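Beneath this line is the structure, given in structure tokens, with notes to follow.
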Amino acid sequence: MLLLTQILASLVVSIFALAAAAQAQTYPVKPIRFIVAIAPGSVTDVIARAAAPELQARLGQPVIIENIGGASGILAGRPCAQAAGEGYTVCNINHSHYSYNPLMFDKLPYDADTDLIPAALLYLLNSGVFINPGLKVKSLDELRTLAQSKPDGLNFANLGDGSFPDLFRTWLNNQWNTKIVGVPYRGGGPAAQAVAANDVQLTYFGIGNFIGLLQGGKVQALAVESPRRSLLVPDVPTFTELGLHYPGQGWWCLSAPKGTPAPLVERLSKEFTAVFSDPKFVAFLEKQAVVPAATTQQGFKDFITKDRVAAQTLVKNANTKKTEYKP
């Protein structure tokens with residue numbers, strides 16, 4: 001009886017393996033929903049829309065962008081986690097989903113370790129500190145002095161409490177002994193426009209969100225988070241040059257919902273990394289002020305492990321408290 005049970009179990013495994021292999025050979029047979037966890041117009045959205053036709057050419061099916069921004073990416077985390085694991089929903093999510101939200105919030109509507117399958121790291125962010133020119137400061141030191149003289153007087157655009165930009169605000173307040181106030185927006189594009197309109201006075205986001213506004217004199221850059229000065233804003237000093245030792249690093253990735261068959265995840269990882277590693281697309285990414293960093297699936301998993309250590313350091317240094325997520 002035991003032998004028969006073992007034989008039957010082996011047959012079931014073999015049948016599922018053959019079915020998965022057959023599915024992988026014909027996949028995809030319909031359009032792929034690509035959830036992008038930020039508002040339209042942000043750098044991430046621009047990159048995703050540029051990648052979509054390249055991916056369609058490789059996959060043979062349209063890649064349909066669906067923007068879901070807000071709440072530190074949590075609003076997108078839920079549909080990413082709850083989608084059917086059939087290979088027809090994939091997600092463009094980031095550091096917040098994997099490394100920061102689990103440290104910042106209780107009762108998240110998704111579990112980063114069980115509900116999401118890491119497929120590929122795509123790129124790193126080059127972020128910076130941007131202000132409205134009306135502040136009339138010319139350096140980070142002058143901004144600090146102004147912030148210290150205006151308790152609760154400066155507003156900072158973020159993606160919600162506990163979001164990656166907001167952690168920078170909290171960390172900066174602790175470093176400077178200031179009380180800069182966070183104001184939530186649904187993406188880097190809306191945040192950049194808010195700074196330009198002086199609805200808020202400063203923010204910390206990817207450089208690419210601000211290029212046009214910088215060229216038009218609508219916003220001002222005080223510092224960039226980059227190993228070396230950005231070619232897009234060569235006159236702006238780096239954090240390191242200014243002695244600002246911020247431990248965080250922003251990044252964006254490809255993930256799939258739980259239950260997505262491994263052969264399909266491997267195919268998606270292969271095609272996305274091929275697009276994001278193509279020399280022409282790499283050049284495009286660099287013009288968006290991001291750092292190309294496409295990896296294999298295993299390389300991305302190893303990256304997450306290291307990033308979570310950095311996130312723990314940042315959250316501890318920022319002295320932020322874990323709170324209950326309330327939709």
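The values are calculated or read from the model by the stated rules, or taken from the named source; none is laboratory data. Just so you know, these numbers come straight off a predicted model, no measurement behind them. We place every Cβ from the backbone using ideal geometry, glycine too, and count neighbours over all the protein chains shown.
Is it the case that region 189-199 has a residue that's buried (at least 24 other Cβ atoms within 10 Å of the Cβ), under 25 Å from Ala293 (Cβ atoms) and touching a Phe, Trp or Tyr at 6+ places or on another chain (Cβ under 9 Å)? Yes: region 189-199 contains one or more residues that are buried (at least 24 other Cβ atoms within 10 Å of the Cβ), under 25 Å from Ala293 (Cβ atoms) and touching a Phe, Trp or Tyr at 6+ places or on another chain (Cβ under 9 Å). Considering region 28-119, the qualifying helices (runs of 4 or more DSSP H), each wholly inside and each with 2 or more residues that are out of contact with any strand residue (DSSP E or B) (no Cβ under 7 Å at 6 or more places or on another chain) and either outside the structural domain of Thr296 (by TED's automatic domain parsing) or closer than 20 Å to Lys301 by Cβ (or both), run over 101-104. A single entry from Asp166, Asp161 fulfils the requirement of being charged (D, E, K, R) and either free of Cβ contacts under 8 Å to residues at least 60 places away in the same chain or assigned to a helix (DSSP H, G or I) (or both): Asp166. Across region 247-289, what is the number of residues that are polar (S, T, N, Q) and farther than 22 Å from His97 by Cβ? Counting residues in region 247-289 that are polar (S, T, N, Q) and farther than 22 Å from His97 by Cβ gives 1. The residues of region 253-273 that are under 17 Å from Arg78 (Cβ atoms) and among the polar types (S, T, N, Q), listed by number, are Ser255, Thr260. The residues of region 275-291 that are surrounded by fewer than 19 Cβ atoms within 10 Å (Cβ to Cβ) and within 16 Å of Gly250 (Cα to Cα), listed by number, are Glu286, Val291. Counting residues in region 281-292 that are more than 19 Å from the chain's Cα centre (by Cα), more than 24 Å from Ser163 (Cα to Cα) and in a helix (DSSP H, G or I) gives one or more.
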